[in-house]
1. Could you say whether any residue in segment 72-84 is on the phi < 0 side of the Ramachandran plot and either of a type in the set (Lys, Arg) or part of a loop (DSSP other than H, G, I, E, B) (or both)?
2. Which pairs have Cβ atoms under 9 Å, sit 6 or more apart or on different chains, and link a residue in segment 3-22 that is without any contact (Cβ under 8 Å) to a residue 24 or more places away in the chain and on the phi > 0 side of the Ramachandran plot to one that is assigned to a loop (DSSP other than H, G, I, E, B) and surrounded by 15 or more Cβ atoms within 10 Å (Cβ to Cβ)?
3. Go through (1) in a helix (DSSP H, G or I); (2) in contact with a Gly (Cβ under 7 Å, 6 or more places away or on another chain) for residue 63 and report which single condition fails.
Amino acid sequence: MSGFVIVVDFRLVPGARAAFRPMMDANAHASMRDEPGCRRFDVVEPEGDAERILLYEIYDDAAAFDAHCRTPHFLAFDAESAPLVREKHVIRGALVCEG
């Protein structure tokens, strides 16, 4: 099984989770619904850290992820959520074993 994995670690401004999550969830749902190359898009809230959101995404390949970054729903999410994000770290990798 091959695939292209993206892990995103968002550190939000204090108190921003309630505003951020609906935007994030809409982006995740649109990605799964509208992007043939998007195989998985999970939104995770780590326990004990109200200012952190993690994403785990799997795409068919890097080109599918690059296409995701050009979609209207991603561009809208990215612009609208920017004031709520203090820091964002993106990890790109290969899916080498699917359990």
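The values are calculated or read from the model by the stated rules, or taken from the named source; none is laboratory data. Predicted model, so just to flag it, every value in this text is computed and none were measured. A quick note on method: Cβ atoms are made from the backbone with ideal geometry, for glycine too, and the neighbour counts reach across all protein chains shown.
1. Looking through segment 72-84, none of the residues is on the phi < 0 side of the Ramachandran plot and either of a type in the set (Lys, Arg) or part of a loop (DSSP other than H, G, I, E, B) (or both).
2. 15/51
3. (2)
Okay, residues lined up against (1) at pLDDT below 95; (2) loosely packed, with under 15 Cβ neighbours inside 10 Å; (3) hydrophobic (A, V, I, L, M, F, W, C); (4) closer than 20 Å to residue 2 by Cβ:
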residue	(1), (2), (3), (4)
47	no, yes, no, no
64	no, no, yes, yes
67	no, no, yes, yes
75	no, yes, yes, no
79	no, yes, yes, no
86	no, yes, no, no
